[in-house]
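Presented below is the structure to which this report refers.
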Amino acid sequence: VQLQASGGGLVQAGGSLRLSCTASGLSFRRYGMGWFRQAPGKEREFVAGIAWRGSSTSYADSVVGRFTISRDNAKNTVYLQMTSLKPEDTATYYCAQNRWPGAGSDAQTYAYWGRGTQVTVSS
């Protein structure tokens, strides 16, 4: 499985970005997917997760109401729509595929990771 994230960039506070992550392989639709982020000098943190059918999602408290995760199994792609961006959202964002079908937040349950895409929010 290979994951390729895209859509990052530089945006002003209050702006929006949509991240995409496309997976290779036929197993995409069987597993949960997640987005994580890591800012310089900080630990990696969970952002959002989505179950295999997209019927269940989970979010970090810091992004609830601002970020939306979705997926298109026909395209092997998971998205992260980010709105009302804040400078503290600045980080490298990684998509990952879970070992299980759920939308869990535990990074240990994610087996495959993409390279990441940089999001920078200016104040």
**Q.** Radius 14 Å from Cβ of Q118, net charge of other residues (Lys, Arg +1; Asp, Glu -1)
**A.** +1
(Q) Need one number: nm distance between label points at A60 and S27, each 7 Å from Cα along Cα→Cβ, rounded to one decimal. (A) 2.7 nm
(Q) If I take R0 = 25 Å and measure r between the Cβ atoms of T109 and E88 in this structure, what FRET efficiency does the formula 1/(1 + (r/R0)^6) give, to the nearest 0.05? (A) 0.45
**Q.** the chain, accessible surface, carbon-and-sulfur percent (1.4 angstrom probe)
**A.** 46 percent
Q) About the Cα centre of the chain, what is the dipole size in debye to 20, counting +1 per Lys and Arg Cβ and -1 per Asp and Glu Cβ, all else neutral? A) 380 debye
Q) What whole-number value in cubic angstrom gives the convex hull volume per residue for the C-alpha atoms of the chain? A) 86 Å³
Q: Could you check the simple spin-label distance between R53 and Q12, using points 7 Å along Cα→Cβ, in nm with one decimal?
A: 4.4 nm
(Q) Counting pairwise Cα distances across the stretch 71-123, what percent come out greater than 18 angstrom? (A) 44 percent
Q: Considering only DSSP beta bridges where both residues belong to the chain, give the percentage that are antiparallel (nearest 5).
A: 90 percent
(Q) Sort 96-102, 108-114 by packing, meaning the average of other beta carbons within 10 Å per residue, with the highest value first. (A) 96-102, 108-114
Q.
Just want to confirm a number: the relative contact order over the chain, from Cα pairs under 8 angstrom separated by 6+ residues, in percent.
A. 36 percent
Q: Any chance you could run the full-extension gain for S122 through Q4? It's 0.36 nm times the residue separation minus the Cα-Cα distance, nm to one decimal.
A: 40.0 nm
Q) What nm distance separates the two modelled labels at R99 and K75, each placed 7 Å from Cα along Cα→Cβ? A) 3.1 nm
Q: Run through all the Cα pairs of the stretch 16-67 and give the fraction in each 5 Å bin from 0, expressed as whole percent.
A: 5, 16, 23, 26, 18, 9, 4, 0
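The values are calculated or read from the model by the stated rules, or taken from the named source; none is laboratory data. This is a predicted model, so every value here is computed, not measured. In this analysis, Cβ positions are derived from the backbone assuming ideal geometry, glycine residues included, and neighbour counts consider all displayed protein chains. For accessibility, only protein heavy atoms count, side chains too; no ligands or nucleic acids. Shrake-Rupley method; radii C 1.70, N 1.55, O 1.52, S 1.80 Å.
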